[in-house]
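A short worksheet on the structure shown next.
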Amino acid sequence: MWAAIVAIITLLSILPIFIYHVDLSTLSFGSDIPVVVGVGILLTGYAPAFAAMLAVRFVPGSGSIRQLLAPSVRWRVHPVWYAIAIFGPIGLFLVGDVIRSLLGLEVPAAWLAVPAASALVFLAGALIAGSFGEEVGWRGLAQPRLQPRRGALVAAIVVGVLWSLWHLWPVLTPGGLAATGVAGVVLTFVRLTATSVVYAWLLNSTRGSLLIVMLAHAGHNIAAQVVPLPGGTQQVDPVTALLYLAAAVIVVLFYGAKWLSKTHAYPLVAGSA
């Protein structure tokens, strides 16, 4: 039910794009677009969270919105998890540049960059939408509810596939598929499904601290700005996708597919206690 609500909210949010025939591939920060289109695009980023809140509010036995959001402020975890969440993505991106350099591939002119002041507002919005708007749904609701029945790895893969499908909503819009390309679609599935495994590991290893997962999501978005990629975005970059895949494989090998943690226990979900 929750996945269906996510799809409905997302489709309704992008409807103005079709009405006004907006080509997303031509947009940049500061582009002049109808207000309703901008609001719709903003709402898509919060679709997973809104859907999760609606699900726990109206589905009997699903707990409460307060229970759903409680893990997002669960901050009492070992400092090492904060370091992994915040600095891990930057390290991964820098490793990507090292690999490109060793393989003779194109590398950015500068390996580190400071985002322009004009982009900071956009980045702040993206951080909130990505961290809170997405993770309350993906790792706040879906992962904890699926893994007791399917195991942590299978649950993470299922969530990752759904996450990828949702993330690819731009391909439905005018010019979207041409701008993304088949390779972009494939790499999106690889990167986000692998990232879903890594985030499930963070969630389960911190006894359900969604805050750590939100910081990791924000850390990725920050890394994408601080460590620029040559000729594209991280979503369609094969090196980044393969590095996340390698990280996911390492997590599974060291922590096991069933639990994805050393605790051998799944975090409690809203309505379970």
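Remark: the stretch 50-209 carries a charge dipole of roughly 720 debye about the Cα centre, counting +1 on each Lys and Arg Cβ and -1 on each Asp and Glu Cβ. Placing a pseudo-label 7 Å from each Cα along the Cα-to-Cβ vector at residue 268 and residue 98 gives an inter-label distance of 4.2 nm. Per the Debye calculation on the stretch 130-273 with a single equal scatterer at every Cα and no solvent contribution, log₁₀ I(q)/I(0) for q = 0.13, 0.18, 0.21 Å⁻¹ amounts to -0.56, -1.02, -1.32.
Out of every Cα-Cα pair in the stretch 1-153, what percent are more than 18 Å apart? For the stretch 1-153, the fraction of Cα-Cα distances above 18 Å is 72 percent. Compared with the alpha-carbon gap, the fully stretched path from residue 18 to residue 35 is longer by 4.7 nm at 0.36 nm per residue. For the chain, pairs of C-alpha atoms spaced more than 32 angstrom apart make up 22 percent of the total.
About the centre of its Cα atoms, the chain shows a dipole size close to 1180 debye [charges on the beta carbon of Lys, Arg (+1) and Asp, Glu (-1) only; nearest 20 debye].
Check every DSSP H run in the chain and write down those whose alpha carbon atoms cover 30 angstrom or more along the long axis and whose mean Kyte-Doolittle hydropathy is -0.5 or greater. Those that clear 30 Å and a mean of -0.5 are 79-103, 176-205. In terms of the mean number of neighbouring beta-carbon atoms within 10 Å, the peptides 191-201, 8-18 order highest first as 191-201, 8-18.
Annotation: for a label point projected 7 angstrom from Cα along Cα→Cβ of residue 67, residues of the stretch 142-167 with backbone N closer than 17 Å are 142-149.
Values in this text are rule-based calculations from the coordinates and carry no lab data. For clarity, every value in this text was computed on a predicted model and none was experimentally measured. Virtual Cβ from ideal backbone geometry, glycine too; neighbours counted across all protein chains shown.
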